[in-house]
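So the structure is just underneath, and the comments pick up after that.
The values are calculated or read from the model by the stated rules, or taken from the named source; none is laboratory data. In this text the structure is predicted, and so the values were computed from the model without any measurement. As a convention, Cβ positions derive from the backbone with ideal geometry for all residues, glycine included, and neighbour counts pool all protein chains shown. The area values use the complete protein model at the heavy-atom level, side chains included, leaving out ligands, DNA and RNA. Shrake-Rupley method; radii C 1.70, N 1.55, O 1.52, S 1.80 Å.
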Amino acid sequence: MRVTTRLVLAIWITALAVVAGFAYLQVSDERQRLRQELERRASLLGEGLQDGVEAALSRNSRPALERLLKRFGRPGQRLAVYDTKASLVALAPESFVPRPETASDVTAAITSGSVQQVFRQMSGRTFYVYVMPVPREEKPLGAVAVVLDASYLAEAEQAVWRENGIRFLVLGAILSLIALLVVRMSITGPMAKITRWTKAVRRGQHLEPMKLGDPSLFGPITREVSVLARSLQRARAAAEEEAALRLKGETLWTEERLKQFVKLRLGEAPLFVVSNREPVSHVWKDGRIVARRPASGLVTAMEPVMRACGGVWTAQASGDADRETTDAGGHLGVPADDPRYQVRRVWLSKEEEDGYYYGFANEGLWPLCHIVHTRPQFRPADWAQYRAVNERFAEAVLEEIQHTESPLVLIQDYHFALLPALIKAQRPDARTAIFWHIPWPNFEAFSICPWQEDLLRGMLGADLIGFHTQYYCNNFLETVERVVEARIDRENFSVNRGSHTTSVKPFPISVAPTFVDDPPKTSREELLAELGISAEFVGVGVERLDYTKGIPERFLAIGRLFERFPEYRERLVFVQLAAPSRSTIRRYQELEAEVETTVQMVNRAFQTRRWRPIVYLKGHHEHRDIWPFYRHADFCMVTSLHDGMNLVAKEFISVRDDEDGALILSQFAGASSELRDALLVNPYDIDGVADAIRAAVAMPPEERRARMARMRQTVREHNIYRWAGLLLNDLSRIPEEGTATLTATTPGRASDEEAA
Ligand code: F6P
């Protein structure tokens, strides 16, 4: 039976039971009321007759009785007087023929001395018979019988049943209609929508995530179906991409290839990643917990790798709702709706974070490695916290890898220089790599760090050390040569200390080919309307507020552009997206103030009533929010004073599927050695940068497109899956410590083909 039929049937049965129950009660009440009324009428009549009947009976006067009865007689009521022997003495009307059974009622009334009431059927009608004894001086004289027509009682009952029958039909029909409508709107409608949506996905259409009205009812299934559909779309896209690549004979690294490669090399063993920054933090916002993806190049790069490879990513908890979203062991599955890897969160105290993260890592190592003329601060207390936190992370990682044989551990960045040696000391079988996401300065610059030797020894615990460029590798080897007792093998780019060898190699980091899975549909017009600007040319900058990014210098260059080329006034707008970062450090506070002052200065100098040169959007921006800026800008500015790689440049290129847009790139960013079609600038040269902006907007479209197409080809080929594949390939080929026969060969750079 169909569900709607079952529902309607249930409604009708329920309505019937309810209405019948109420009707029964109503009928009983009505019956009682009408009977009481009959009784009252009969007793009033009886009592009215009593004295007259008593007098006439005692005189034995039949004519007096007949007169009396006639006087009281009314249509519909019959009266009769009986003597003590229950013989009829008088009646009214004359046509009235009492039923023979009435005599026995009279006898009963006389002998009992009490009123007798009974319903009798006469000539097919119901009558109410009321017999009242008439005594004199307590001796029975006879009785009066009042007979009233009671047929209307049954009629009244029937009317009540009839009324309720109609009520039942109307109620049943209305309820059924409402139920059918509700079922249609809330169940069959959404189900049909889910079916249509799923069918479309099955046919290969790319759809927005499904949204249904009532999340309480269909939320879980919608989520599951959407996740399933996304997995299907991903699998289909991966298969199509693979097939296309095979046809073209290309050996491009894709998510699928990396997945297969890791399976081949690691089997079912998970990959272990450690970084300070977590891939997702949870924060309270308006009474709700929301997930945030931090503004971090490291996260942009490593997240797709972890999605492809699976494993455990240990990182510092940074959100105020992080505890609420992890299990007792500090783990959570990411992404939440379709977990592909685990995050292990480590909580630090304020003192630990202040000393290790803000202090040693970001006031010491960060300015030490970025040559931007900010003096590094080296405080013994910070160094102590840095060491302690490295030890705490080592404990967490050792806990995670305890059940894995020869685990692969990828340590990220300058926050964990000591971690490789700490892990190796406990787990010599672990193959560890540390990837340094920032520049490595020359020996002289590095040598000002009082703990340079400890840092180098910590790093050299790794089997593999990766930098973005060969230049940083060279700097590092030179630093090691000068500071640590070790043998440098320049031919194989490795450092040998005792029986341990550390390979030092460049792995230029990159981004995934897709910046966001489901980009918003915002058009350029909509974007500009949202910002309240109208302009012929739009430039964009996307950065953390960091003094290495050259943001004030960039704004000065924009000012210089309008000064030297006034024809661009009111025609060009530059939008800066700036995420506050490390805000407790004084230098960063100063920078924030400097950036704001520079924006105001440039805007004040050139703005008109309907235009201002710089739109400054300070705050956290999710990838989906950034996408329209990248996609619709005429040019993107990445003018860092010094930068390890800079992934904003590559993100911008990856989003430009229209193969348009110009990139202005600092020659001091690692990305500049790969992206030769960018307009390379010296960010300190304000006039030079202004010229580059002019060149970007004045460039012939064909040239702009040709440059972008070549840069897209580079980013497409040198993507993050290739980066991870090559790094993991090198790391997984490193023999376990102690397997002497294999250590003779230092792993060389595998070609893409070899790795794949
Ligand atoms: O480049 C080093 C790095 O750690 C990057 O991963 C990232 O872009 C940036 O610094 C983030 O800094 P933080 O994690 O301190 O916000």
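Read phi for every residue in region 655-664 and hand back ³J(HN,Hα) as whole Hz from Karplus 6.51 cos²θ - 1.76 cosθ + 1.60, θ = phi - 60°, with x for Gly and Pro.
Couplings: 7, 7, 6, 7, 6, 9, x, 10, 10, 9 Hz.
Per residue of region 257-273, in order, report the coupling 6.51 cos²θ - 1.76 cosθ + 1.60 (Karplus, θ = phi - 60°) as ³J(HN,Hα) in whole Hz, putting x for Gly and Pro.
Here the 3J(HN,Hα) series is 5, 4, 4, 5, 4, 5, 4, 5, 7, 9, x, 8, 5, x, 9, 10, 10 Hz.
What's the FRET efficiency of Thr514 with Glu567 using the Cβ-Cβ distance as r and R₀ = 35 Å, to the nearest 0.05? All intermediate terms of the calculation are to be shown ahead of the outcome.
On the way: r = 38 Å, r/R0 = 1.09.
Result of the calculation: an efficiency of 0.35.
Using a 1.4 Å probe on the protein heavy atoms, what percent of the accessible area of the chain belongs to carbon and sulfur?
Details: 18440 of 35170 Å².
Ligands and nucleic acids excluded, carbon and sulfur reach 52 percent.
Would you give the gap between the C-alpha center of region 695-736 and the C-alpha center of region 642-672, rounded to a whole Å?
First find each Cα centre; the distance between them is then 10 Å.
With angles folded into 0 to 90 degrees, how steeply does helix 297-309 sit against the dominant principal axis of the chain? Use alpha carbons for both and round to 10.
The angle comes out near 70 degrees.
Helix 623-632 against the longest principal axis of the chain: what's the angle in degrees, Cα atoms only, rounded to the nearest 10?
It is inclined by approximately 60 degrees.
By how many degrees, between 0 and 90 and to the nearest 10, does the Cα long axis of helix 101-112 differ from the longest principal axis of the chain?
90 degrees
Per DSSP H run of n ≥ 4, the term is -39500 (n - 2.57); total these for the chain, divide by its residue number, and report the mean residue ellipticity at 222 nm rounded to 500 deg cm²/dmol. Each step should come with its number before you reach the end.
Values: 24 runs with 359 residues, N = 756.
The helix contribution divided over the chain gives -15500 deg cm²/dmol.
What Rg and what Dmax come out for region 1-157 when only alpha-carbon atoms are used, in angstroms?
Values for region 1-157 (Cα only, Rg and Dmax): 21.9, 82 Å.
Hey, can you grab everything whose amide H is under 5 Å from the amide H of Ala579? Only 5+ residues off in sequence or another chain; H modelled, so Pro and N-termini drop out.
So Ala579 has HN proximity to Glu543, Arg544, Leu545, Gly619.
What FRET efficiency do you get for Glu703 and Thr251 if R0 is 30 Å and r is their Cβ-Cβ distance, rounded to the nearest 0.05? Intermediate values should be presented prior to the final figure.
Working: r = 30 Å, r/R0 = 0.99.
About 0.50, to the nearest 0.05.
Measure up Lys285/Lys618; Lys618/Lys650; Lys259/Lys549; Lys193/Lys521; Lys193/Lys259; Lys259/Lys424 against 24 Å on the Cα-Cα distance and list the ones that go over. Each step should come with its number before you reach the end.
Working: Lys285/Lys618 18 Å; Lys618/Lys650 22 Å; Lys259/Lys549 34 Å; Lys193/Lys521 22 Å; Lys193/Lys259 34 Å; Lys259/Lys424 26 Å.
Exceeds cut-off: Lys259/Lys549; Lys193/Lys259; Lys259/Lys424.
Compute the separation of the alpha-carbon centres of region 56-104 and region 520-552 and state it in Å as a whole number.
Distance between centres, Cα-based: 111 Å.
Between Gln713 and Gln600, how high is the FRET efficiency from 1/(1 + (r/R0)^6) when r is the Cβ-Cβ distance and R₀ = 51 Å? Nearest 0.05.
Between Gln713 and Gln600 the formula returns 0.80.
Using a 1.4 angstrom probe on the protein heavy atoms only, could you order Met601, Met637 from most to least accessible area?
Values: Met601 105, Met637 0 Å².
From most exposed to least exposed: Met601, Met637.
In whole Å and largest first, what semi-axes does the C-alpha gyration tensor of the chain yield when each eigenvalue is scaled by 5 and square-rooted? Intermediate results must be reported in sequence, preceding the final value.
On the way: eigenvalues 1917, 200, 127 Å².
Gyration-tensor ellipsoid for the chain: 98, 32, 25 Å.
On average, how much accessible surface per residue is there in the chain, in Å², for a 1.4 Å probe, leaving out ligands, DNA and RNA? If you can, show how the numbers build up before the last one.
Working: 35170 Å² over 756 residues.
For the chain, the per-residue accessible area is 47 Å².
Please give the contour-minus-distance gain from Arg59 to Glu242: 0.36 nm per residue of separation, less the Cα-Cα distance, rounded to one decimal in nm.
Values: separation 183, 0.36 × 183 = 65.88 nm, distance 12.63 nm.
Fully extending the segment from Arg59 to Glu242 adds 53.2 nm.
Can you run phi through the Karplus equation (6.51, -1.76, 1.60; θ = phi - 60°) for region 236-241 and list ³J(HN,Hα) in whole Hz, with x for Gly and Pro?
Computed from phi, the couplings for region 236-241 are 5, 4, 5, 5, 5, 4 Hz.
Could you please state, rounded to a whole Å, how far the C-alpha centre of region 245-281 is from the C-alpha centre of region 160-193?
So the two Cα centres are separated by 56 Å.
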